[in-house]
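My structure is below; once you've seen it, I'll send some questions.
The values are calculated or read from the model by the stated rules, or taken from the named source; none is laboratory data. The structure displayed is predicted, hence computed values, not measured ones. Here the Cβ positions follow ideal geometry from the backbone for every residue, glycine too, while neighbour counts run over all protein chains shown.
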Amino acid sequence: MNNKIRVRIAPSPTGFMHIGTARTALFNWMFAKQHNGAFLLRIEDTDKDRSKKEFEDDIIKNLAWLGLEHDEFYRQSEHIENHTVNLKKLLDSNKAFWCAHTIKELEIEAEQQRAAKEPPRHICEHRDIGRTDGIIRLRNDATDSIVINDMIRGDITYDPRLFGDISLAKNISEPLYNFVVTVDDFDAKISHVIRGEDHITNTPKQILIGRALGFSEPMWAHLPLLLAKDRTKLSKRNGGLSVGDCRESGYIREAIINFIALLGWHPKDEIGEVLDLETITKEFDITRAQRGGAIVDTEKLDWLNREHIKRLPPDEQIKIAEPFISADLKKQIESRVDKYISAVMPRITKLTEINAAIKSIIDIPEYNADLLLWKGKIDRIKAKEILESILSDITDIETADVSLASLIKKEGTGPVLWPLRVSLSGNAISPSPYELLYALGLDEARARVRIAISKLDA
RNA sequence: GGCCCCAUCGUCUAAUGGUUAGGACAGCGCUCUUUCAAGGCGUAAAUACGGGUUCGAUUCCCGUUGGGGCCA
């Protein structure tokens with residue numbers, strides 16, 4: 001099968017994986033899934049000085065965590081011989097040549113062109129002198145317009161004369177970016193190149209290089225960039241979020257996937273915006289992607305995180321929350337960890353808030369007896385009477401809600417639940433009395449009610 | 001500096017010649033409720049500007065402005 005869909009992401013391991021990379025990965029992954037194709041991960045590690053194993057590991061780990069598993073993996077550095085072979089091919093066929101101009105000379109030329117408002121390009125007079133030092137360039141004689149047929153943007157036209165002789169490699173074993181990408185993509189039989197808009201200008205050069213090598217041209221799609229608040233390209237410096245940071249600050253994978261999918265693409269109104277990966281993949285259409293850059297604003301991420309947490313089944317909630325609970329706290333609540341998590345989960349935005357939320361239940365503050373009096377509508381005597389009824393009625397946590405229901409029927413909702421809430425939490429603001437009851441357990445709950453009664457006596 | 005891309009509420013976006021310019025988040029208000037949150041209901045908020053084309057432009061064309069990217 002020659003026409004199998006094959007896509008890739010090609011991050012360089014020079015920093016922690018940021019959400020822009022994740023978004024490109026997601027769109028590629030979905031495109032592959034939709035067409036029963038393959039999704040490749042290529043680590044662009046040719047820059048030895050800046051590439052680090054740590055970052056490569058981070059990319060692999062977070063891609064997996066997000067659920068965007070790749071079908072094939074390779075490192076660019078492992079393909080160097082292949083780059084050299086192709087470089088030689090070009091040199092031998094006289095399609096490439098050595099340019100021996102010094103960096104200094106090139107800089108001066110660029111400066112002059114700039115001053116004269118000419119396009120910055122180097123048309124080299126070393127083309128046919130047969131030197132074998134300097135850098136390797138492509139002999140660029142193209143005059144016909146190069147048209148990129150972009151799946152998102154339509155036709156983009158370039159005049160190839162504006163590029164001059166494109167640089168390919170520093171030497172026979174040190175190829176440059178555009179050359180490497182072209183060779184690797186062809187080699188991996190990439191059918192569709194889906195990448196960020198920052199690569200649009202590289203595309204015509206890659207097309208030219210591909211043509212010289214006799215390669216078939218892939219389809220192109222250039223995604224809008226993710227922008228920081230100041231509208232510049234999102235990067236580590238201007239507050240760009242890394243996927244690892246998001247995870248550590250308590251965003252769950254479903255929320256992150258949903259959030260980045262909405263940056264540059266939008267589902268039909270009818271199905272809403274809170275969606276899982278499967279649904280997004282089903283609905284996604286690359287040709288309908290947005291063309292303008294998108295500012296990353298985490299307010300919506302917060303909302304999506306809450307929504308997705310709420311949608312998780314209870315046992316799953318416990319599973320994802322547990323790693324966020326500190327060792328000290330775990331020791332303190334031991335066997336009741338699950339119950340505390342369940343009590344607190346529906347009202348938190350990020351998983352990192354869970355420690356504080358649980359602590360606020362455990363550490364009951366000192367409070368004034370008057371707080372027990374619901375909206376001033378019951379007096380101390382009544383409050384005490386109700387709390388004593390609660391104490392005698394609730395003898396089993398499993399049937400607590402039934403006992404409370406009958407008491408509420410007699411006394412009213414507020415008069416019963418308010419003093420109970422305050423007794424159990426010491427606060428006017430807290431999870432519901434029911435949730436507190438289940439979290440604290442019968443013994444602790446009863447102890448707290450007794451304290452409340454004694455306060456009313458005082 | 002050259003070339004390329006882009007332009008709808010604060011933000012993410014829908015509407016590919018005919019809509020009271022729609023939705024979501026955030027904001028504000030009301031409401032429900034045992035508190036808070038959530039929920040429900042409501043409200044405010046946008047087609048950058050100027051020319052065309054057309055019976056009719058958010059939509060097509062040109063220009064301006066603005067933003068972004070790549071190159072060196």
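Could you list, in sequence order, all residues of the range A:410-458 that are among the charged types (D, E, K, R), over 14 Å from A:ILE397 (Cα atoms) and within 12 Å of RNA strand B (Cβ to nearest atom)?
Answer for the range A:410-458, where residues must be among the charged types (D, E, K, R), over 14 Å from A:ILE397 (Cα atoms) and within 12 Å of RNA strand B (Cβ to nearest atom): A:GLU411, A:ARG421.
Quick one: would you say A:LEU90 is assigned to a helix (DSSP H, G or I) and surrounded by 14 or more Cβ atoms within 10 Å (Cβ to Cβ)? Please lay out each step first, then the result.
On the way: assigned to a helix (DSSP H, G or I): yes; surrounded by 14 or more Cβ atoms within 10 Å (Cβ to Cβ): yes.
It is true that A:LEU90 is assigned to a helix (DSSP H, G or I) and surrounded by 14 or more Cβ atoms within 10 Å (Cβ to Cβ).
What pairs come out if I take residues in the range A:420-443 that are touching a residue at least 12 places away in the same chain (Cβ under 8 Å) and under 15 Å from A:LEU404 (Cβ atoms) and pair them with residues that are among the hydroxyl-bearing types (Ser, Thr, Tyr) and within 6 Å of RNA strand B (Cβ to nearest atom) whose C-beta lies under 8 Å away, six or more apart or interchain?
Matching pairs, first to second residue: A:ARG421/A:SER430; A:ARG421/A:SER432; A:LEU424/A:SER430; A:LEU436/A:SER430.
Can you tell me which residue among A:ASP396, A:ASP363, A:ASP370 is among the acidic types (Asp, Glu) and within 16 Å of RNA strand B (Cβ to nearest atom)?
A:ASP370
Pairs under 6 Å by beta carbon, first residue on the phi > 0 side of the Ramachandran plot in the range A:366-379, partner of a type in the set (Gly, Ala, Ser), six or more apart or different chains?
Correct list of pairs: empty, since none qualify.
Rundown of residues vs (1) more than 16 Å from RNA strand B (Cβ to nearest atom); (2) at pLDDT 95 or above; (3) assigned to a helix (DSSP H, G or I); (4) not assigned by TED's automatic domain parsing to the domain that holds A:ASP165, yes/no style:
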{"position": "A:THR46", "(1), (2), (3), (4)": "no, no, no, yes"}
{"position": "A:ASP57", "(1), (2), (3), (4)": "yes, yes, yes, yes"}
{"position": "A:LEU63", "(1), (2), (3), (4)": "yes, yes, yes, yes"}
{"position": "A:GLU81", "(1), (2), (3), (4)": "yes, no, yes, no"}
{"position": "A:GLN112", "(1), (2), (3), (4)": "no, no, yes, no"}
{"position": "A:ARG127", "(1), (2), (3), (4)": "yes, no, no, no"}
{"position": "A:THR132", "(1), (2), (3), (4)": "yes, no, no, no"}
{"position": "A:ARG137", "(1), (2), (3), (4)": "no, yes, no, no"}
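Among the listed residues A:PHE39, A:PHE27, identify the single one that is within 25 Å of A:PRO224 (Cβ to Cβ) and out of contact with any Gly (no Cβ under 9 Å at 6 or more places or on another chain).
The match here is A:PHE39.
Yes/no per residue for (1) within 12 Å of RNA strand B (Cβ to nearest atom); (2) assigned by TED's automatic domain parsing to the domain that holds A:ARG23; (3) within 22 Å of A:ILE43 (Cα to Cα):
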{"site": "A:ASP159", "(1), (2), (3)": "yes, no, no"}
{"site": "A:PHE163", "(1), (2), (3)": "yes, no, no"}
{"site": "A:PRO175", "(1), (2), (3)": "no, no, yes"}
{"site": "A:VAL180", "(1), (2), (3)": "no, no, yes"}
{"site": "A:ASP198", "(1), (2), (3)": "yes, no, yes"}
{"site": "A:PRO204", "(1), (2), (3)": "yes, no, no"}
{"site": "A:ARG211", "(1), (2), (3)": "no, no, no"}
{"site": "A:GLY214", "(1), (2), (3)": "no, no, no"}
{"site": "A:LYS233", "(1), (2), (3)": "yes, yes, yes"}
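Right, here's the next one. Inspect all residues belonging to the range A:206-214 and state whether any of them is free of Cβ contacts under 8 Å to residues at least 40 places away in the same chain, under 20 Å from the mean Cα position of the chain (by Cα) and surrounded by fewer than 17 Cβ atoms within 10 Å (Cβ to Cβ).
No: the range A:206-214 contains no residue that is free of Cβ contacts under 8 Å to residues at least 40 places away in the same chain, under 20 Å from the mean Cα position of the chain (by Cα) and surrounded by fewer than 17 Cβ atoms within 10 Å (Cβ to Cβ).
Another question, then. Could you check A:TYR340 against (1) under 14 Å from A:TRP418 (Cβ atoms); (2) of a type in the set (Phe, Trp, Tyr); (3) at pLDDT 90 or above and say which number it fails?
Result: A:TYR340 fails condition (1) only.
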